[in-house]
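Encoded as structure tokens, the structure appears first; notes follow it.
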Amino acid sequence: MIRTIETYLKENIDDYVIIRSWIDKNAFPVFLRTSYNFHEMTILDTTCILIEILDEAPSLDVLHKHIKRIKELTNLQIVFYYKEISWYRRKSLIENRIPFIVEDGQMYMPFLGLDLKKTSKYVEKEVKTFSTSTQVAYLYFLYNKNEVINATGFAEKMGFTLMTASRALYALYSAKLLIYDIGGKTSRSKEYRRIQDPEYFQKGHELIKSPVKKLIHVKKPPEGALIAGLDALAELSMLNPPVYLIRAISGEDLNKQKMEIIKNKDIIKDEKLAELEVWDYDPRQFSNKKHVDIMSLYASLKGENDERIEQALEELLRGETWYTG
């Protein structure tokens with residue numbers, strides 16, 4: 001049974017899942033050893049204890065007591081393994097945030113960000129546009145050409161959960177933008193790096209999306225907001241600047257600001273109010289200058305149907321090594 005779930009996890013979650021018998025079974029009290037088989041599981045670079053229920057599954061109250069004792073002995077995340085499970089027990093385990101795996105592929109491991117219900121066989125879909133986390137990963141590698149990093153390191157660097165980081169890296173790998181070698185301290189970690197210039201840009205620019213979620217207008221943009229949109233393009237090219245300021249801010253930062261948002265179109269037009277682009281990631285993440293980064297700027301404007309803008313963007317991109325190779 002354990003080999004079955006190991007195969008499933010390798011096919012659907014992590015190629016390098018390892019499940020092996022717990023070495024020191026005598027470390028557990030007799031009442032636990034008679035109820036469970038214990039296994040050490042490493043998944044997505046996280047080691048946990050997989051507990052196989054031997055006979056009749058214990059009640060929720062008993063389960064809580066067993067969890068407390070096992071955590072005292074191992075100091076590891078606990079995952080229960082069920083051959084089958086009722087809808088009622090599955091619901092109660094999730095409500096109590098108790099991780100589990102079922103032989104048919106259902107699983108709930110919140111410490112990894114995994115919550116998979118029983119589904120038909122997974123079919124890989126062609127990526128047509130980046131998700132936000134994948135776009136952040138794409139930009140990270142664009143500006144860090146020689147970076148080699150695994151999912152754990154990437155999660156820590158970007159402030160992602162391990163699952164989000166793994167999905168973003170795998171999406172770039174599926175789009176043939178990243179490659180990986182097996183390495184790390186355990187010699188099982190996927191160490192990702194990007195493909196060479198200018199192919200990385202050429203493939204990625206077709207998938208990149210505008211980071212702008214919405215536009216709002218304010219009398220004065222927040223301090224530290226980066227120059228964006230046509231305002232930034234004009235500063236970086238020969239394009240004439242707009243008659244109003246354009247700045248970028250993340251949605252998270254917007255929620256922290258106390259700004260009066262003007263919605264009256266006549267006031268906006270007459271007073272030439274500042275336009276604030278609200279982004280779905282932090283525009284400061286990839287820029288140490290006063291304007292947004294070049295690739296995000298390109299993504300925010302590439303849909304503009306204006307020959308002058310297209311020409312200015314083209315000239316701007318030509319100055320980057322990742323564009324010309």
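The values are calculated or read from the model by the stated rules, or taken from the named source; none is laboratory data. Keep in mind that this is a model prediction, so the values were computed, not measured. With ideal geometry, Cβ positions are generated from the backbone for all residues, glycine too; neighbour counts draw on all protein chains shown. Areas reflect the complete protein model, heavy atoms only, side chains present, ligands, DNA and RNA absent. Shrake-Rupley method; radii C 1.70, N 1.55, O 1.52, S 1.80 Å.
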What's the angle, to the nearest 10 degrees (0 to 90), between helix 60-74's Cα axis and the longest principal axis of the chain? 80
Between helix 132-143 and the chain, what is the angle of the helix's C-alpha long axis to the longest principal axis, kept within 0 to 90° and rounded to the nearest 10? 70
Using alpha-carbon coordinates, inclination of helix 2-12 to the longest axis of the chain, degrees: 10
Which FRET efficiency, nearest 0.05, do N305 and N264 yield, Cβ-Cβ r, R0 25 Å? 0.35
So if each residue of separation counts as 0.36 nm, and I subtract the Cα-Cα distance between N75 and I182, what length gain in nm does that give? 35.7 nm
Roughly what % of Cα-Cα distances in the chain sit above 38 Å, to the whole percent? 35
Just flag the GluC sites (Glu not before Pro) in region 1-78 sitting in loop per DSSP whose Cβ has no more than 13 other Cβ atoms within 10 Å. E56
Å² of accessible area per residue within region 211-322, as computed with a 1.4 Å probe and no ligands counted: 59
Residue-by-residue Karplus 3J(HN,Hα) for region 208-216, coefficients 6.51, -1.76, 1.60, Hz, glycine and proline x: 5, 10, 5, x, 7, 7, 7, 10, 10
For region 277-325, rounded, prolate or oblate, judged on the Cα gyration tensor with a ≥ b ≥ c (square roots of eigenvalues), a/c < 1.5 rounded, else prolate if a/b > b/c? oblate
As I understand it, the dipole of the chain uses +1 on the Cβ of Lys and Arg and -1 on the Cβ of Asp and Glu, about the Cα centre. Which of P29, A225, I53 lies farthest toward its positive end? P29
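When only C-alpha pairs under 8 Å and at least 6 residues apart count, what is the relative contact order of region 144-210, in percent?
After rounding, I find 31 percent.
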Considering Cα pairs under 8 angstrom that are at least six residues apart, work out the relative contact order of region 5-122 and quote it in whole percent. 17
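Which loop-located trypsin sites (Lys or Arg not before Pro) does region 1-97 contain, where loop means any DSSP state but H, G, I, E or B and the Cβ has at most 15 other Cβ atoms within 10 Å? Working shown, then result.
Numbers: sites: R3, K10, R20, K25, R33, K65, K68, R69, K71, K83, R89, R90, K91, R97; in loops: K83, R97.
Here the sparse-neighbourhood loop sites are K83, R97.
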Normalising by the residue count of the chain, find the relative contact order in percent from Cα pairs under 8 Å and 6+ residues apart. 12
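Tell me, what % of the accessible area of the chain is carbon and sulfur with a 1.4 angstrom probe?
On the way: 8620 of 18140 Å².
Roughly 48 percent of what the probe reaches on the chain is carbon or sulfur.
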Can you pull out the GluC sites (Glu not before Pro) in region 277-325 that DSSP calls coil and that have at most 10 other Cβ atoms within 10 Å? none
For region 58-84 and region 210-271, what is the centre-to-centre distance using only Cα atoms, to the nearest Å? 52
Could you work out the mean projected area of the convex hull around the alpha carbons of region 225-325, in square nanometres to one decimal? 7.3
